[in-house]
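The values are calculated or read from the model by the stated rules, or taken from the named source; none is laboratory data. Every value quoted in this text rests on a predicted model; they were computed, and no experiment measured them. We place every Cβ from the backbone using ideal geometry, glycine too, and count neighbours over all the protein chains shown.
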Amino acid sequence: MASLFSRIKAGLAKTASQIRDRMAGLESTSSSTVVAAPPVAGRPLGLETLDALEDALLTADVGLEATTRILDAVRRDPTGSLRDRVVRVMRQILADVMPAPVVTTTPHVVLIVGVNGTGKTTTVGKLANLYRQEGRSVMVCAADTFRAAAVEQLAIWTSRAGVDLIRASAGADPAAVTFDAVSAAKARNKDLVLVDTAGRLHTRVNLMTELDKIRRVAAREVEGAPHEVLLVLDATVGQNGLAQAREFMSVAGVNGIVLTKLDGTAKGGIAVAIANDLKLPIRYVGVGEALDDLVPFDAPTYVDALFVDKW
């Protein structure tokens, strides 16, 4: 299997290429007009270079707040090339947001949420495969009972992953299905329960309220459940994903992000915006359509892949 770096590098190829093209040939002395440097040693940065860097970051969907933070940091830091300075501050932004300590309660209940079309159900199957490869026993719960195709799709993915699936008839109460799955996982001594919830718009109050019911049912069965609530975000929507995340954070208690479809976008900088603006950790990233194309997020690897090309 390819290394983590090579897989994330492939997933971020469009974003990295876009940044390289916008920054090519522009280093810190490229402009005759320079920004006044702080009273420290080092070369001042040209306005042309700063404008190009700002444009590259915003186009990659790093976001205004994080871009401003990065520009301020590279102005103050005279050490190394501009590229090295950007890499350092991006790594710091991502490293500042660490996942919560892993809960050792068994079964470990993970709620998967998101809007329609983000690749949520596919992500559940890939997560199940990833955990099984780590040697953990997995139970998957098909709590998306509104869309029959979702259950069938999940059945295919769980079969490929070689894990158990608990399902119910169309229209069944999602909370009741969750109860059955968590109870079955306890009886069968499973390490993990992955609950695939129905895709829902973050503006639909009734559907968002349903997530709270699922959470309460899980908590009655296993102390502290759900131990993780992972929001699946489609990287191709860029900054629009931040609004989705804020609503899911307030209603569903989201404490981690799965960023999908990185290979299909030049907006890979959205991970930095998520960390900077929302203080949410990225847990996994999707880099392709195959069963094993979901990989753990690693901040240094991610940033290195964004800036793999020399400017």
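Some notes on this structure:
Each row is one residue, and each column tells you yes or no for (1) crowded, with 16+ Cβ neighbours inside 10 Å; (2) closer than 30 Å to Ala24 by Cα.
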site	(1), (2)
Ala218	yes, no
Leu230	yes, no
Asp234	yes, yes
Leu242	yes, yes
Met249	yes, no
Ala252	yes, no
Lys261	yes, yes
Ala290	no, no
Pro300	no, yes
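- When Asp180, Asp173 are checked against the criterion of being out of contact with any strand residue (DSSP E or B) (no Cβ under 9 Å at 6 or more places or on another chain) and within 19 Å of Ala218 (Cα to Cα), Asp173 stands alone in meeting it.
- Residue in region 225-235 that is in contact (Cβ under 8 Å) with a residue 12 or more places away in the chain, part of a helix (DSSP H, G or I) and farther than 24 Å from Thr105 by Cβ present: yes
- Conditions (1) over 19 Å from Pro281 (Cβ atoms); (2) touching a residue at least 24 places away in the same chain (Cβ under 8 Å); number of the one not met by Val109: (1)
- Residue-level check: of (1) surrounded by 15 or more Cβ atoms within 10 Å (Cβ to Cβ); (2) farther than 21 Å from Thr178 by Cβ; (3) in contact (Cβ under 8 Å) with a residue 60 or more places away in the chain, Gln92 misses just (3).
- Which listed residue, of Ala185, Ala198, is modelled with pLDDT under 95, of a type in the set (Gly, Ala, Ser), touching a Pro at 6+ places or on another chain (Cβ under 9 Å) and surrounded by 14 or more Cβ atoms within 10 Å (Cβ to Cβ): Ala198
- The numbered conditions (1) at pLDDT 75 or above; (2) of a type outside the set (D, E, K, R); (3) surrounded by 15 or more Cβ atoms within 10 Å (Cβ to Cβ) are all true for Ser28 except (1).
- Filter pass, Glu48 being surrounded by fewer than 16 Cβ atoms within 10 Å (Cβ to Cβ), at pLDDT below 95 and within 22 Å of Ala16 (Cα to Cα): yes
- Residue count, region 53-73 (criterion: of a type in the set (A, V, I, L, M, F, W, C), outside any loop (DSSP other than H, G, I, E, B) and either in contact with a His (Cβ under 9 Å, 6 or more places away or on another chain) or buried (at least 21 other Cβ atoms within 10 Å of the Cβ) (or both)): 5
- Residue match in region 61-81 (condition: under 29 Å from Ala290 (Cα atoms) and either under 20 Å from the mean Cα position of the chain (by Cα) or touching a residue at least 12 places away in the same chain (Cβ under 8 Å) (or both)): yes
- Qualifying residues in region 231-276 (those that are out of contact with any Ser or Thr (no Cβ under 7 Å at 6 or more places or on another chain) and of a type in the set (Asp, Glu)) - the one farthest from Ala299 (Cα to Cα): Glu247
- Qualifying residues in region 111-152 (those that are more than 22 Å from the chain's Cα centre (by Cα) and in a helix (DSSP H, G or I)) - the one surrounded by the most Cβ atoms within 10 Å (Cβ to Cβ): Val151
- Matching residues in region 287-296 - criterion: being closer than 22 Å to Leu242 by Cβ and at pLDDT below 95: Val287
- Here Arg200 fulfils each of the conditions (1) under 15 Å from Ile112 (Cβ atoms); (2) in contact with a Ser or Thr (Cβ under 8 Å, 6 or more places away or on another chain); (3) of a type outside the set (A, V, I, L, M, F, W, C) apart from (2).
- Selected residue (criterion: modelled with the highest pLDDT) from residues of region 237-261 that are more than 18 Å from Ile112 (Cβ to Cβ) and of a type in the set (A, V, I, L, M, F, W, C): Leu242
- Taken together, Asp234, Asp212, Asp263, Asp293 contain a single residue that is closer than 24 Å to Phe146 by Cα, of a type in the set (Asp, Glu) and within 14 Å of the chain's Cα centre (by Cα), which is Asp234.
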